[in-house]
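Step one of this worksheet: look at the structure below.
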Amino acid sequence: MPNRPSFENPVVIAKPVLVDLDDFKGELQEVWKSGWLTNNGYKHQELEARLQAEIFDGFPTSLVSNATIGLIVAFKTLGITSGEVITTPFTFPATPHSITWAGLKPVFCDIDPDSMNIDVKKIESLITADTKAILAVHVFGRACEVEKIAEIARKHDLKVIYDAAHAFELELNGKSVACYGDASVFSFHATKLFHTVEGGAIVFKDKHLKEKCDIVKNFGIKNEEVIECGINGKMNELQASIGLLMLTEKDIERNHRAMIEGIFHDRLGGVDGVILPRKSGDVTKESLQYFVIRINAAQFGFSRDYVHENLKKHNVFSRKYFYPLCSNAKFYRDFFSAKEERLPIANDVADRVLALPFHGGISPDDAERICDLISSFKGN
Ligand SMILES: *Cc1c(COP(=O)(O)O)cnc(C)c1O
């Protein structure tokens, strides 16, 4: 492998897409003219309608202030106010935290070693009389086994919510991933490919749930009367304006990331001990949210931590994503379901994963150099 010099400037893991400032000013002028800054304003209405029509296959969509609030609002909207929720430990802390904030108890289920998503074969053994729902995550934009989850939910009369924070535009057999489950929650945080700085959307199967959600996210107020213990989960007009511009901007970012993804696959595909994300056959459109490799230390000769540290020495900042596991966090690790011996795959996977810098600021040459660096670390 040729000896590659270090990067002069730090290569960061994520970089938000910035919409054109003049375009944003144009949007803001319209907002200023309307004098309507939040509470289902014009921009909010337009973004909600366009996302529903253009991205979410017409399924009822409700915008929210962020995905974490969105998950909490989804539980409330579905009428789930007590009991247990089966979820994955291999996720961002917002997933189990939303269960806890909704007054429910997370029950951790081990993951599938290939997809890194909740292992559908292990869900049923965790179901008790208190189980109310399954909160599954499409980790790194790889879809869960949606049909099998639906079957388990039907059999045991459970609700299904998807944390779809990584799955914007993910399509299975030409259909949006949002059409599975009772609700799917998307994050529009600045680090997500499509974003509104902070924000999110809940996509429901049922139109009545969207109508209820619109009340829940606005303090539970319906026609000047308080009918629910709602919350403030509204998206404002400035956020929605960014979202409208991002609807155009996102494809440039998507095309760029698809090219970088191709380089990562070409250059790392033959490196023994580097496991690349594998696409499943039914995916017809990818989310392109993250590029996460796994290091098999026995084959590579060195651990994930070694690769992470050595990339840093060359000014490349990868991220151990998701490490540590949510089930090992202080406030969850004493749960019966969080015990390490009950989650062997998740604990193993968390020690191997490494997210590579993956955004519009990574040039093809950068991507090649990052791959060459990783290859050069390989032991014999
Ligand atoms: C980003 C993210 C969230 C949280 O989204 P916010 O919009 O920042 O609240 C939740 N779950 C996962 C898996 C995420 O990656």
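Any read-out appearing in this document is the output of simple, stated calculations on the displayed coordinates, not a laboratory observation. Please read these numbers as outputs of a predicted model, since none were measured by experiment. Backbone-built Cβ (ideal geometry, glycine too); neighbour counts: all protein chains shown.
Calculate the dipole size of the chain relative to its Cα centre from +1 charges on Lys and Arg beta carbons and -1 charges on Asp and Glu beta carbons; express the result in debye to the nearest 20.
Once rounded to the nearest 20, the dipole reads 660 debye.
Output the direction-averaged projected area (hull surface divided by four) of the convex hull of the alpha-carbon atoms of segment 181-339, in nm².
Projected over every direction and averaged, the Cα hull of segment 181-339 covers 14.7 nm².
In segment 339-367, which residues have a backbone nitrogen under 17 Å from the label point lying 7 Å from residue 296's Cα in the Cα-to-Cβ direction?
Zone members listed by number: 345-346, 348-354.
What FRET efficiency do you get for residue 175 and residue 124 if R0 is 41 Å and r is their Cβ-Cβ distance, rounded to the nearest 0.05?
Calculated value: 0.95.
Modelled label-to-label distance, residue 265 and residue 25, 7 Å Cα→beta-carbon offset: nm?
It is 4.2 nm.
In Å, what Kirkwood hydrodynamic radius results for the chain from the alpha-carbon pair distances?
21.6 Å
Starting from the Cα of residue 222, draw a straight line to each of the aspartates and glutamates and keep only those under 13 Å, dropping any in the same chain fewer than 8 residues away.
Within reach: 211, 214.
So how long is each side of segment 136-175 along the principal axes, counting just the alpha-carbon atoms, biggest first, in Å?
That gives 29, 20, 11 Å along the principal axes, largest extent first.
Where does the chain land at 222 nm, in deg cm²/dmol rounded to the nearest 500, when only DSSP H runs of n ≥ 4 count, each adding -39500 (n - 2.57), divided by all residues?
-11000 deg cm²/dmol
Sticking with the crude label model, points 7 Å out along Cα→Cβ, report the distance from residue 211 to residue 100 in nm, one decimal please.
A separation of 3.6 nm, rounded to one decimal place.
In terms of the ratio Rg/(2.2 N^0.38 Å) built on C-alpha atoms, what value belongs to segment 122-213?
Ratio of Cα Rg to 2.2 N^0.38 Å: 1.12.
Run down the aspartates and glutamates and flag those whose C-alpha is under 13 Å from the C-alpha of residue 43, throwing out any fewer than 8 positions away in its chain.
Straight-distance partners of residue 43: 27, 30, 237.
Residues in segment 70-97, backbone N under 17 Å from the label point at residue 340 (7 Å along the Cα-to-beta-carbon vector): list them, ranges by number please.
89-90, by backbone N distance to the label point.
Hey, if you drop one equal point scatterer on each alpha-carbon of segment 252-351 and run the Debye formula without solvent, what base-10 log of I(q)/I(0) do you get at q = 0.11, 0.14, 0.20 Å⁻¹?
For the requested q values the scattering log ratios are -0.46, -0.72, -1.17.
Which whole-number value in Å³ per residue fits the convex hull of the alpha carbons of segment 1-145?
Details: hull volume 29.7 nm³, N = 145.
Convex hull volume per residue, Cα atoms: 204 Å³.
Are there any chymotrypsin sites (Phe, Trp or Tyr not before Pro) in segment 35-78 that are in a DSSP loop and have at most 16 other Cβ atoms within 10 Å? List them by number.
36
Determine which residues of segment 13-28 fall in the zone a paramagnetic label at residue 42 would reach in this model, i.e. backbone nitrogen under 14 Å from the point 7 Å along Cα→Cβ.
Within reach of a label on residue 42, which here means backbone N under 14 Å from a point 7 Å along Cα→Cβ, segment 13-28 contributes 26-28.
Using a Förster radius of 25 Å, what is the FRET efficiency between residue 232 and residue 190 based on their Cβ-Cβ separation? Nearest 0.05, please.
Approximately 0.75, to the nearest 0.05.
Under the 0.36 nm per residue contour assumption, what length would be gained going from the current alpha-carbon distance of residue 310 and residue 282 to full extension?
6.5 nm
Please list, or write none, the lysines whose alpha carbon is within less than 21 Å of the alpha carbon of residue 378, excluding same-chain residues fewer than 8 places away.
312, 313, 320
Give me the percent relative contact order of the chain, please, defined on Cα pairs under 8 angstrom at least 6 residues apart.
23 percent.
I need the shape label for segment 198-268. Rule: rounded when a/c is under 1.5, else prolate if a/b > b/c, else oblate, with a, b, c from the alpha carbon gyration tensor.
Prolate, because a/c is 1.5 or more and a/b exceeds b/c.
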